[in-house]
Amino acid sequence: MERTLVAVFLCFITFSVLANAAQRPVLYIYHDSDYSSHSESAEAMKMGFNSALRERNFEVQGFRLQLLEKDHRGNSNRSLLTMRRFLKDERALLMLGGLHSPPYIKHRDYINQQGILLLVPWAAGGPVTRYPDTNNWVFRLSIDDTKAGLRLVEFARQKQCRSPHMLLERTPWGKSNYQTITRALSKPEAPVTWFNWNMKMNATKIMLREIVSNGHDCVIFVGNALEGKQLVKAVGQTPKAQRPAIISHWGITGGNFFAQVAEQLRAGIDLHFLQSCFSFQQRPHTEFVARVWQQLITAYPDKVVDGRFIQSPAGFIHGYDLGRVLLGALDQISLSGKVKQDRAALRSALENLKQPVQGLIKVYKQPFSPWSESQPDAHEALGLEDICMASYNTDGSIKVLKNQ
């Protein structure tokens, strides 16, 4: 009888807690990302961001925080529709960006003029955070292409690449990388080939044949997983003596890339790519990292491969760190439930973070500051020192290389 009473009491308490949580007002976070063609990166960002929020039980100052998936399918116009819906939603606090840069470059004026608070854990295009006004609403914790090209070219030189050739997607993201890479190469007329999204194998082989015939021994590639797959397969069909090394942006890691090119990589294709300078593969874990990893495998056991790694890990890492930075900023303001007012207060708090925030990549000490032309990196939480090169292990996990 006593056990029955205890069980009834516990059920009552659990029901009361859940009921109270359900009654709390909700603030939404719109995740504007490609859940269709690059679902691995979208899921990783969501997992990382939610892992940070879970540490506060998804609650701040009596409000529940809830992330909503908004699939733009890699289409900038669909992203714009999400932005318009966001502005009409009286419970939408902020937007979390996705993998693709073009939506945030194409609609940068609209984002900032309308006061859309956008936090970016992946999209790397240089112009994304550099709206030329102090009233700047976009904050990034990710690789920044004004620096990424420097690391790519530096690595090409370390590999003693004699004649690099750029292979870039024909988008604002590709064009921003072209400027940075060209400057880093110190060659205003550096050779480049442009390709469109969904590049097919025949077109890839024709481009690669021309690159190789002109004596280029490495390809600096800026594209995503779909086009990266075609490039690796095309290189695999090239005679070994003529195969160029591939030095890639990190976009290839945003989809189901490794599974589709594992055979070629295990056969010796020379592929390296950008990552931020933290990896769960780096052991032993600190107490903090071990706690985050345990939370990850407990919350998302089906996303952990062989109990050791996840797909698109940078998405999780950046999403988690950005979530913790957001919580630090929320601690500095008083939420009113009036979203326009709260967005403005939160934007100001992000630019003036008072307490350091422990993240996976590093401790963030005022990662953002008010933007100005003399401070173009003011809304960038990571610097060149946080960008490393990496390669795939044979099981598909990612090995991050230390900067030399």
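The values are calculated or read from the model by the stated rules, or taken from the named source; none is laboratory data. It should be emphasised that the depicted structure is a prediction, and the values quoted were computed from it without experimental measurement. Methodologically, a virtual Cβ is constructed for each residue, glycine included, from the backbone with ideal geometry; neighbour enumeration extends over all protein chains shown.
Here are the numbers:
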{"item": "So N57, is it assigned by TED's automatic domain parsing to the domain that holds I111, of a type outside the set (A, V, I, L, M, F, W, C) and under 23 Å from L226 (Cα atoms)", "result": "no"}
{"item": "Test result for K70, of a type in the set (D, E, K, R), closer than 29 Å to D331 by Cα, surrounded by 14 or more Cβ atoms within 10 Å (Cβ to Cβ) and over 14 Å from the mean Cα position of the chain (by Cα)", "result": "yes"}
{"item": "Per-region count, the range 49-83, residues of a type in the set (F, W, Y) and either in contact with a helix residue (DSSP H, G or I) (Cβ under 8 Å, 6 or more places away or on another chain) or under 22 Å from F288 (Cβ atoms) (or both)", "result": "2"}
{"item": "Residue match in the range 300-308 (condition: touching a residue at least 60 places away in the same chain (Cβ under 8 Å) and of a type in the set (G, A, S))", "result": "no"}
{"item": "Residue within the range 251-269 that is touching a strand residue (DSSP E or B) at 6+ places or on another chain (Cβ under 6 Å), part of a loop (DSSP other than H, G, I, E, B) and within 22 Å of S36 (Cα to Cα) present", "result": "no"}
{"item": "Any helices (runs of 4 or more DSSP H) falling wholly within the range 283-372 and containing at least 3 residues that are within 18 Å of Y30 (Cα to Cα) and out of contact with any Cys (no Cβ under 9 Å at 6 or more places or on another chain)", "result": "313-330, 339-351"}
{"item": "Any hit, the range 129-149, residues being at pLDDT below 95, at positive phi, among the hydroxyl-bearing types (S, T, Y) and surrounded by fewer than 23 Cβ atoms within 10 Å (Cβ to Cβ)", "result": "no"}
{"item": "Qualifying residues in the range 32-62 (those that are crowded, with 24+ Cβ neighbours inside 10 Å and part of a strand (DSSP E or B)) - the one nearest to the chain's Cα centre (by Cα)", "result": "S33"}
{"item": "Matching entry among T204, T238, T193 (being within 27 Å of G396 (Cα to Cα) and not in a helix (DSSP H, G or I))", "result": "T238"}
{"item": "Top-ranked residue of the range 74-98 - restricted to ones that are within 16 Å of the chain's Cα centre (by Cα) and at pLDDT 95 or above, ranked as surrounded by the most Cβ atoms within 10 Å (Cβ to Cβ)", "result": "G98"}
{"item": "Count of the range 368-385 residues which are in contact with a helix residue (DSSP H, G or I) (Cβ under 8 Å, 6 or more places away or on another chain) and free of Cβ contacts under 8 Å to residues at least 60 places away in the same chain", "result": "1"}
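Conditions (1) surrounded by 14 or more Cβ atoms within 10 Å (Cβ to Cβ); (2) among the hydrophobic types (A, V, I, L, M, F, W, C), marked per residue:
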{"site": "P356", "(1), (2)": "no, no"}
{"site": "K362", "(1), (2)": "yes, no"}
{"site": "P367", "(1), (2)": "yes, no"}
{"site": "H379", "(1), (2)": "yes, no"}
{"site": "Y392", "(1), (2)": "yes, no"}
{"site": "V400", "(1), (2)": "yes, yes"}
